[in-house]
Amino acid sequence: MTAKAKEVARGVYQVGLRGVNVFLIDAGDGLVLVDAGLKGSPAHITEAIYSLGRLPQDVIAIVVTHTHRDHVGGLAEMKRRTGAEVWMHPADAALVRDGLYGRPFGPGRDRASRAITRAMNLLPASRGEPVAVAHEVSDGEVLPFDGLRAVHTPGHTAGHLALLLPREGGVLFVGDAASNMLRTGLSPLNEDVAGAWRSLRSLAALQFEVACFAHGRALRGKASEAFRELVRRFETAAAQTPGPGAA
């Protein structure tokens, strides 16, 4: 696999890695890496950095949306390659420091997601190399990287973060608060489905032109309207047929 950095907004690059995306932000005095992919991803992320004419040492921070192995599996190695410090919400940082890459998922929101959840929860706990997290990030905190703002979006995990970059009308790094595979939707796996919907409503209240997803293609242009439409669809369905996640 040849990893390429695809520009999805000015100075924002998506790197596709076998079903999961990580992102590189040109923050002026260096690069910020959003998530670190799977255990085998660092070589491909490094290749993408070189494709931009930059060096791994140009990465000045690794900001992690949440602790699942497709986001933190490559974290220890990327930290070694770049020397960058890690930024995370404290609820998920505590797990990464212990080498625990996830918690059990809660009940799914429909029959298919409930089946997937049951299967996933039968697997052994996902473990990996413990990683030091230098900076614990709180909701609303503005990080020192071109005004990048953290938005706590619990649900997929307790410490899930989305990130809003105030550039070109707003660039939202969604993590797994939503996905955009066939269409924009909630992740099928969540620790707390009702919490995930509440977080999605919070994101829909923001203004952003571009949405960058860990899973699926980026939305470019009026992306926040797509989130508001998703919330409207959910609320209409919930009103007609109350069920799991209707909160």
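Looking at (1) aliphatic (A, V, I, L, M); (2) at pLDDT 95 or above; (3) surrounded by fewer than 18 Cβ atoms within 10 Å (Cβ to Cβ), which one does VAL20 not meet, given that it meets all the others?
Among (1) aliphatic (A, V, I, L, M); (2) at pLDDT 95 or above; (3) surrounded by fewer than 18 Cβ atoms within 10 Å (Cβ to Cβ), the lone unmet condition for VAL20 is (3).
Of the numbered conditions (1) modelled with pLDDT under 95; (2) surrounded by fewer than 21 Cβ atoms within 10 Å (Cβ to Cβ), ARG109 satisfies every one except a single condition; which is it?
(2)
Identify, from the list ALA91, ALA48, the residue that is more than 20 Å from ALA218 (Cα to Cα), part of a helix (DSSP H, G or I), modelled with pLDDT of 95 or more and out of contact with any helix residue (DSSP H, G or I) (no Cβ under 9 Å at 6 or more places or on another chain).
Details: ALA48 fails: more than 20 Å from ALA218 (Cα to Cα).
The unique qualifying residue is ALA91.
What number of residues within the range 180-200 are surrounded by fewer than 19 Cβ atoms within 10 Å (Cβ to Cβ) and at pLDDT 95 or above?
1
Do we have PHE208 as closer than 19 Å to VAL15 by Cα and at pLDDT 95 or above here?
Details: closer than 19 Å to VAL15 by Cα: no; at pLDDT 95 or above: yes.
Against the criterion (closer than 19 Å to VAL15 by Cα and at pLDDT 95 or above), PHE208 does not qualify.
Hey, any hits in the range 53-65 for a residue that's farther than 26 Å from LEU219 by Cβ and part of a strand (DSSP E or B)?
Yes; the residues of the range 53-65 include at least one that is farther than 26 Å from LEU219 by Cβ and part of a strand (DSSP E or B).
Which condition number in (1) surrounded by 20 or more Cβ atoms within 10 Å (Cβ to Cβ); (2) modelled with pLDDT under 95 is the one that PHE213 fails?
(2)
Which residues, taken from the range 133-145, are touching a Lys or Arg at 6+ places or on another chain (Cβ under 7 Å) and over 22 Å from SER199 (Cα atoms)?
Selection gives VAL133 alone.
Report the residue count in the range 138-163 for those that are closer than 12 Å to VAL34 by Cβ and part of a strand (DSSP E or B). Reasoning before the result, please.
Quick first cut of the range 138-163, residues closer than 12 Å to VAL34 by Cβ only: 143, 145, 148, 150, 161-163.
Imposing the further condition that a residue be part of a strand (DSSP E or B) reduces the set to 150, 161-163.
Qualifying residue count for the region: 4.
Looking at this structure, is PHE23 aromatic (Phe, Trp, Tyr), in a strand (DSSP E or B) and either touching a residue at least 12 places away in the same chain (Cβ under 8 Å) or under 22 Å from ARG167 (Cβ atoms) (or both)?
Values: aromatic (Phe, Trp, Tyr): yes; in a strand (DSSP E or B): yes; either touching a residue at least 12 places away in the same chain (Cβ under 8 Å) or under 22 Å from ARG167 (Cβ atoms) (or both): yes.
The answer is yes for PHE23.
Please go through the range 39-69 and give me each residue that is without any contact (Cβ under 8 Å) to a residue 40 or more places away in the chain and within 13 Å of the chain's Cα centre (by Cα), ordered by number.
Residue satisfying the conditions is ILE62 alone.
Looking at the range 178-208, which of its residues are under 19 Å from ASN21 (Cα atoms) and touching a residue at least 60 places away in the same chain (Cβ under 8 Å)?
LEU186, PRO188, LEU189, ASN190
Can you find, within the range 59-74, the residue that is surrounded by the most Cβ atoms within 10 Å (Cβ to Cβ) among those that are within 13 Å of GLU129 (Cβ to Cβ) and not hydrophobic (A, V, I, L, M, F, W, C)? Before the answer, list the steps.
Pass one, the range 59-74, residues within 13 Å of GLU129 (Cβ to Cβ): 67, 69, 72-74.
Filter again for not hydrophobic (A, V, I, L, M, F, W, C), leaving 67, 69, 73-74.
Values: THR67: 30, ARG69: 17, GLY73: 23, GLY74: 28.
The selected residue is THR67.
The values are calculated or read from the model by the stated rules, or taken from the named source; none is laboratory data. Model, not experiment: these values are computed from the prediction. Every residue, glycine among them, receives a Cβ derived from its backbone with ideal geometry; neighbour counts consider all protein chains shown.
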